[in-house]
Amino acid sequence: MATFIIVFGLGVLISVLGVINMTGNISSLHWYHRQRVTEGNRKAFGKLVGFGTLIIGLAMIVFGVLFLLFEQTQLKILLIIGVVELITSILVGIVISFYVIKKYNGSIF
């Protein structure tokens, strides 16, 4: 149960940050990225980076629920599906975020 609470809570926190970024508020991002994005691109940048972050957060919430179901039923398929879903979604979210950062900043670093 503790694992569910931690993963689910972290997923909610990351999802909230993603939604905040999607509104154009990019204050949660590193200062370097905030500084290099022009004012005109800030909304699009925040929306896309927030979308990538939201994907990761929602994936953690789904994984937390699947892990809780696994603990209750001991069906290993739930754990396998959850791990595959989590890894795939994290990779997709990171690729989206890195692509957007590279597009609007010129580089990731």
Check your understanding: So how many residues does segment 4-60 have that are under 17 Å from residue 95 (Cβ atoms) and charged (D, E, K, R)?
Key -> 1
Point to revise | Search result, residues across segment 59-78 that are within 20 Å of the chain's Cα centre (by Cα) and farther than 17 Å from residue 28 by Cβ | key: 59, 61, 62, 63, 64, 65, 66, 67
**Study point:** Test set (1) at pLDDT 90 or above; (2) open to solvent by 70 Å² or more (accessible area, probe 1.4 Å); (3) touching a helix residue (DSSP H, G or I) at 6+ places or on another chain (Cβ under 9 Å) - residue 74 fails condition number
**Key:** (3)
Check your understanding: Has segment 22-40 got at least one residue that is surrounded by 14 or more Cβ atoms within 10 Å (Cβ to Cβ) and at pLDDT 90 or above?
Key -> yes
Revision key, fill the gap. For segment 79-109, the count of residues that are in contact with a Phe, Trp or Tyr (Cβ under 7 Å, 6 or more places away or on another chain), touching a residue at least 12 places away in the same chain (Cβ under 8 Å) and either under 24 Å from residue 31 (Cα atoms) or assigned to a loop (DSSP other than H, G, I, E, B) (or both) equals 3
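The values are calculated or read from the model by the stated rules, or taken from the named source; none is laboratory data. Predicted model only: the values in this text are computed from it and were never measured. Positions of Cβ are generated from backbone atoms using ideal geometry, with glycine treated the same way; all protein chains shown enter the neighbour counts. Protein only, heavy atoms only, side chains kept; ligands, DNA and RNA dropped before computing areas. Shrake-Rupley method; radii C 1.70, N 1.55, O 1.52, S 1.80 Å.
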